[in-house]
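In what follows, a structure is listed as structure tokens, so that the remarks can point back to it.
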Amino acid sequence: SSGINAEWPLRPGETFGHGLKLVDYNAPMVRRGSILCMTHVCVSLHKVIQQNNFQDESAMLPKFLAVCVPLVFDVARSDKDREIVCCALECINEMLKEMKGGLIAEEEYFDSLIEIVKDVLQHKTACQKDSEDDTFCDDVEDDSELTTVLVDFAGSILPSLATAMGGQRFTPYFKNFLPLIIPKEGRKRSERSLAAGTLAEICQAMKESIIPFSDNMYSVFMRGIKDNSEEVISNSVFGLGVLIESSGPTLAPRYPEILGILSTFLKQDGDRRTIDNVLGAVARMMKTNPGSLPLDTIFPTFVKWLPLQEDYEENITVYSSIYGLLSSNCQVAIEQLPTLIPLMITQLTNKKVDDETKAKLTEILQGVTSQYQDLTLKSITSDQAEILKQALAHVNGS
């Protein structure tokens, strides 16, 4: 491995220094640029060290972090400009996602981070106190919007923290944060939506460590599913899905109730993002506990509503669940192949479908088309046959 100073074409010290000089500048946009600059140097430096196995011989990264982290934390706590505080929170999250436990190994940093998130959620930071006395400023639309965005950025740190620490270590902190995240009665739509989305991401990050909270979370998401806002419903359906996946068999006795409620959203004039999230939730049930589901009735309906049309992030979940059923020779899934094969081939040319999903689709198609050659040929057009041939040739390296 090589020394970082010799190998890295940029001069991180100079760039960081320029950012540091401007951190107390009067103009808000300059202060914002300063924080972004220092954060990006730290994140980029960490990436270079990790990816290239560089030796940080002069301990450049720890030195930068020792300056940058307390500074960004201080901005989040004490700057009175909300946009800059949003930027500081976003920078904290970016560093946390990149460096994970490395960022919070120092107990002082960890404690400060917990306090900052708590203060934002309780509207106690300098920029929140400045214009509110513990109430939201609903009369000023922009101000109210910025308050919600601020809480959003702070809430987004929690799933990253759960991932960095691991679900088990995060559990006692989640217990304390939960009452601050669950929206009180009468809160605005944006806040209810935000709460559902944040809790969903935390469930995903905590994995099986969420099980002690599964009844509580179930109630929260079920309440959200009955909301009158499509955005809240969609986020709550997603949350319910990841809760099912993280809880393993714990929620299996509730599957009939869940299926009954989710099926009410499958209608032609329904909100398409919600429909996609319903399909994602059902896919998670099929992956987690297929034996607890009436697959012969729900799988044909599931296939009928494919492909996803809005929430493409659920694609990998949907097609992984189909792959799982086909791998276990599930008869109901095999019977749907005449519909599934052309549908999956069509998705290979969909520009909105990501590479990970396309790789999974190709993997499924490679298996089923070799096992069911006649059925495949009967089910697809000549154009689809050509797309399939190219995809399989690419994966086989020919």
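The values are calculated or read from the model by the stated rules, or taken from the named source; none is laboratory data. What you see is a predicted model, and the numbers here were worked out from it, not measured in a lab. Cβ placement follows ideal geometry from the backbone for every residue including glycine, while neighbour counts extend to all protein chains displayed. Just so you know, the surface numbers come from the protein's heavy atoms only, side chains and all, with ligands and any DNA or RNA stripped out. Shrake-Rupley method; radii C 1.70, N 1.55, O 1.52, S 1.80 Å.
Here are the numbers for this structure:
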item	result
Search result, residues across segment 275-294 that are assigned to a helix (DSSP H, G or I), farther than 16 Å from ASN315 by Cβ and in contact (Cβ under 8 Å) with a residue 24 or more places away in the chain	MET285, THR288, PRO290, SER292
Helices (runs of 4 or more DSSP H) wholly inside segment 175-262 that include at least 1 residues being of a type in the set (Gly, Ala, Ser) and modelled with pLDDT under 95	189-206
Tally, over segment 285-319, of residues that are closer than 22 Å to GLY239 by Cβ, of a type in the set (D, E, K, R) and surrounded by fewer than 17 Cβ atoms within 10 Å (Cβ to Cβ)	2
Matching residues, segment 344-361, being buried (at least 17 other Cβ atoms within 10 Å of the Cβ) and under 18 Å from ALA283 (Cβ atoms)	MET344, GLN347, VAL353, THR357, LYS358, LYS360, LEU361
Flag if ILE258 is among the β-branched types (Val, Ile, Thr) and under 25 Å from LYS207 (Cα atoms)	yes
Residue check for GLN336: more than 22 Å from the chain's Cα centre (by Cα), of a type outside the set (D, E, K, R), over 18 Å from ASP276 (Cβ atoms) and open to solvent by 80 Å² or more (accessible area, probe 1.4 Å)	no
Candidates ASP354, ASP311, filtered to the one that is under 24 Å from the mean Cα position of the chain (by Cα) and over 27 Å from ALA393 (Cα atoms)	ASP311
When residues of segment 362-391 are limited to those that are polar (S, T, N, Q) and surrounded by 15 or more Cβ atoms within 10 Å (Cβ to Cβ), the one farthest from GLY324 (Cα to Cα)	GLN384
The listed residue being surrounded by fewer than 16 Cβ atoms within 10 Å (Cβ to Cβ), touching a residue at least 40 places away in the same chain (Cβ under 8 Å) and either in contact with a helix residue (DSSP H, G or I) (Cβ under 8 Å, 6 or more places away or on another chain) or not basic (Lys, Arg) (or both), out of GLU231, GLU208, GLU185, GLU201	GLU208
